[in-house]
Amino acid sequence: RAAIQEATALPGADSIEFAIASGPQTITLSAALPTITQPVTIDGWTQPGYSGTPIIDINGSGKSGLVITGGGSTIRGLVLRKFSGNGVELTTGGGNVLEGNYIGMAPDGTTPSANTGHGVVTLNSSNNRIGGPALAQRNLISKNTAKGNGGGIVLNGGGGNVIQGNFIGTDITGMVEHPNEARGIAIISSSNNLIGGPGPGAGNLIAG
């Protein structure tokens, strides 16, 4: 929380890195995190002991999820679960990157731990990248319980977003269904988005 407050108080881009002892760590929230209004990289890959799967676990404990309005931000290598509402909300400011996160699943990648909104939602935010072709960039986005047009990823307004290499509605093995409540990916009044792609690793696995 203090690191986000510092980053949003300072002009320009900042980076938040982790050195909480070593190995898996859980941060259980007592209140919602501050809105990110300036470009920041929150990099769970920096936690000592990281070896390809996220070990920084943000347990929302029924609080609202991570909201980014400033654009130009990167969220990587985090577990984002048990939020009341969306796991991650990208609003207005674009050019954000979400990679290597578990959203709606526990740190083991196999146990559901739902957010009660969408996994990821963009609101009039453009040119974001969710996932990527490299294995480390894969997001696991499953078991989020928003109804209606919601579920795993919702693109609402804006455009030019790229969604690649993700597992949506499965466990981390890709072999067990953990469906999002309504849809894997919903696109609402959003244009020129790329879902998947022809290159190795670009395709998404969407199930349930």
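Of all DSSP-defined beta bridges confined to the chain, some 5% are antiparallel rather than parallel.
Distance between Cα centroids, segment 153-206 to segment 55-70: provide it in whole Å. Using only Cα atoms to place each centre, the spacing works out to 20 Å. Could you tally the net charge around ILE58, taking each other residue with its Cβ under 13 Å from the Cβ of ILE58, Lys/Arg +1 and Asp/Glu -1? Once all neighbours under 13 Å are counted, the net charge is +4. With the helix formula -39500 (n - 2.57) applied to DSSP H stretches of n ≥ 4, the chain reaches a computed 222 nm mean residue ellipticity of -1000 deg cm²/dmol. Shape class of segment 1-69 from the Cα gyration tensor (axes a ≥ b ≥ c, square roots of the eigenvalues): oblate, since a/c reaches 1.5 or more and a/b does not exceed b/c. Give the relative contact order (percent, whole number) for segment 1-139; include only Cα pairs under 8 Å separated by 6+ residues. Over segment 1-139, the number comes to 19 percent.
Using heavy-atom solvent-accessible surface (probe 1.4 Å) with all chains present, what is the largest-first order of MET105, MET175?
On the way: MET105 0, MET175 160 Å².
Sorted by accessible area, descending: MET175, MET105.
The heavy atoms of THR37 present about 70 square angstrom of accessible area, all protein chains included, probe 1.4 Å. Orientation-averaged projection of segment 60-176 equals 6.3 nm² [convex hull of Cα atoms, one quarter of hull surface area].
If you take the Cα Rg of the chain and divide it by 2.2 N^0.38 Å, with N the number of residues, what do you get?
On the way: Rg = 15.3 Å, N = 208, 2.2 N^0.38 = 16.7 Å.
Normalised by 2.2 N^0.38 Å, the Cα Rg of the chain equals 0.91.
Just to confirm a number: summing +1 for Lys and Arg and -1 for Asp and Glu over residues other than PRO179 whose beta-carbon lies under 15 angstrom from that of PRO179, what do you get? It works out to a net charge of 0.
Quick one: net charge of GLY131's neighbours, Cβ under 9 Å, K/R +1, D/E -1? Residues near GLY131 contribute +1 overall.
Within the accessible surface of segment 67-208, defined with a 1.4 Å probe on protein heavy atoms only, the carbon and sulfur portion equals 53 percent.
The values are calculated or read from the model by the stated rules, or taken from the named source; none is laboratory data. Because the structure is predicted, anything quoted here is derived from the model rather than measured. Positions of Cβ are backbone-derived with ideal geometry, glycine not excepted, and every protein chain shown enters the neighbour counts. Just the protein is used for accessible areas: all its heavy atoms, side chains included, with ligands, DNA and RNA removed. Shrake-Rupley method; radii C 1.70, N 1.55, O 1.52, S 1.80 Å.
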